[in-house]
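A short worksheet on the structure shown next.
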Amino acid sequence: MTIIIALLTLGGLTFLLAGMLAIANQKLYVYEDPRIDEVEDRLPKANCGACGYPGCRPFAEALVSGEAMPSKCTVSDDAGRQSIAQYLGVSVGDMNKQVARLACAGGTNVARQQAQYEGLASCRGAALVSGGGKGCSWGCLGFGDCEISCDFDAIRMDAYGLPVVDVDKCTACGDCVEVCPKELFSLQPLDQRLWVACKNEEAGQEILEECQVACYTCGKCAMDAPDGLITMTLNLPVIDYRQNHYTREPIQRCPTGAIGWLNDKGELEKGPEAKKIVRKSARPMGYS
């Protein structure tokens with residue numbers, strides 16, 4: 001008899017809980033548009049965050065709800081973005097491609113090491129030890145954390161220990177921006193040509209002993225630029241990209257080429273008065 005009562009009690013509780021779950025399911029059910037799964041399948045599934053969302057699924061939800069446009073996915077190709085736009089019956093949207101830009105040109109042939117770092121071959125690791133041993137405290141340390149962090153093979157280290165960004169492969173995911181301990185990377189529009197490839201904040205030509213291509217605050221770029229386009233802030237030229245900045249005038253008299261013109265390949269073209277760099281080997285360490 002006791003066993004029968006126990007079974008009836010257990011069965012009653014089972015039916016009661018099942019009923020409560022059924023009611024809860026009806027009350028708490030959240031409708032999910034089936035188009036989200038289809039849109040997600042048409043995305044590259046990189047989950048890189050370049051679109052501004054934490055992954056492809058949240059981006060697919062934003063696309064279906066109309067909060068975002070297919071053009072925000074910089075990893076997908078034109079056909080992929082067009083496929084999503086046609087499926088949802090929306091326009092692709094304007095796409096102003098962004099790429100990672102490096103604010104340093106101080107490779108080993110022009111910048112000096114004042115100390116030899118020995119330890120984990122990592123920019124972040126080296127930066128913890130007196131800034132990494134480079135003469136210029138703001139310069140690239142050259143261990144390639146950015147190259148390692150890039151899932152799209154858009155960054156390679158050149159012969160002088162500087163990262164080179166492949167603008168065709170770059171998706172503006174921002175991983176290099178986050179990983180660089182010197183904060184030398186930033187995401188910029190591809191059609192932005194005028195560029196300051198230096199973050200040195202020291203004034204005076206003494207910095208040239210450490211890096212031959214550093215900005216030493218001569219101010220010629222600001223003087224030659226259209227009114228208000230360039231201002232000197234913290235001993236560095238700052239470009240107001242809200243103005244018409246498609247002019248090479250500011251780079252013409254730069255003596256070091258710290259400010260230059262980015263060509264279609266992302267290479268920095270210098271003005272005619274910039275000193276030519278002929279050294280192919282690394283500069284000697286120290287001050288000898």
- State which residue is nearest to G174 (Cα to Cα) when the search covers only the range 4-52 and only residues that are in a helix (DSSP H, G or I), at pLDDT below 85 and among the β-branched types (V, I, T). I23
- Of all residues in the range 182-223, which are surrounded by 22 or more Cβ atoms within 10 Å (Cβ to Cβ), over 22 Å from the mean Cα position of the chain (by Cα) and not aliphatic (A, V, I, L, M)? E210, C211, C215, C221
- Query: If we scan the range 134-157, do we find a residue that is surrounded by fewer than 18 Cβ atoms within 10 Å (Cβ to Cβ), among the polar types (S, T, N, Q) and modelled with pLDDT of 95 or more?
  - Reply: yes
- Message: I'd like the residue in the range 88-99 that is touching a helix residue (DSSP H, G or I) at 6+ places or on another chain (Cβ under 7 Å) and not in a helix (DSSP H, G or I) and, out of all such residues, is surrounded by the fewest Cβ atoms within 10 Å (Cβ to Cβ).
- Response: D94
- Message: I need the full set of residues from the range 51-63 which are buried (at least 21 other Cβ atoms within 10 Å of the Cβ) and either within 18 Å of P189 (Cα to Cα) or aliphatic (A, V, I, L, M) (or both), in order please.
- Response: C51, A60, L63
- Task: Answer yes or no as to whether A282 is surrounded by 19 or more Cβ atoms within 10 Å (Cβ to Cβ), over 23 Å from the mean Cα position of the chain (by Cα) and not assigned by TED's automatic domain parsing to the domain that holds C136.
- Result: no
- So which pairs qualify, if the first residue must be in the range 136-157 and in contact (Cβ under 8 Å) with a residue 60 or more places away in the chain, the second must be crowded, with 23+ Cβ neighbours inside 10 Å and in a strand (DSSP E or B), the Cβ gap must be under 7 Å, and the two must be at least 6 apart or on different chains? C136/A111; C136/C211; G139/A111; G139/C211
- Task: Tally the residues that are under 16 Å from G80 (Cα atoms) and either of a type in the set (S, T, Y) or touching a residue at least 60 places away in the same chain (Cβ under 8 Å) (or both), restricting the search to the range 36-68.
- Result: 2
- Within the range 238-252, is even one residue of a type outside the set (G, A, S), closer than 21 Å to E202 by Cα, assigned to a loop (DSSP other than H, G, I, E, B) and out of contact with any helix residue (DSSP H, G or I) (no Cβ under 7 Å at 6 or more places or on another chain)? no
- Message: Filter the range 253-279 down to the residues that are surrounded by 13 or more Cβ atoms within 10 Å (Cβ to Cβ) and over 23 Å from E206 (Cβ atoms) and list them by number.
- Response: W261, L262, G266, L268, E269
- Just need a number here: residues in the range 64-87 that are surrounded by fewer than 15 Cβ atoms within 10 Å (Cβ to Cβ) and either of a type in the set (A, V, I, L, M, F, W, C) or closer than 19 Å to F152 by Cα (or both). 3
- Out of curiosity, is V177 crowded, with 17+ Cβ neighbours inside 10 Å and outside any loop (DSSP other than H, G, I, E, B)? yes
- Query: Can you tell me which residues in the range 137-165 are touching a strand residue (DSSP E or B) at 6+ places or on another chain (Cβ under 8 Å), farther than 14 Å from P181 by Cα and assigned to a loop (DSSP other than H, G, I, E, B)?
  - Reply: A154, D158, L162
- From A115, A159, which residue is closer than 19 Å to N200 by Cα and hydrophobic (A, V, I, L, M, F, W, C)? A115
- Task: Inspect the range 246-258 for any residue being free of Cβ contacts under 8 Å to residues at least 24 places away in the same chain and within 19 Å of S186 (Cβ to Cβ) and give the result as yes or no.
- Result: no
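The values are calculated or read from the model by the stated rules, or taken from the named source; none is laboratory data. Values in this document were obtained by computation on a predicted structure and should not be read as measured data. Because the Cβ atoms are built from the backbone with ideal geometry, glycine has one as well, and the counts that use them run over all protein chains shown.
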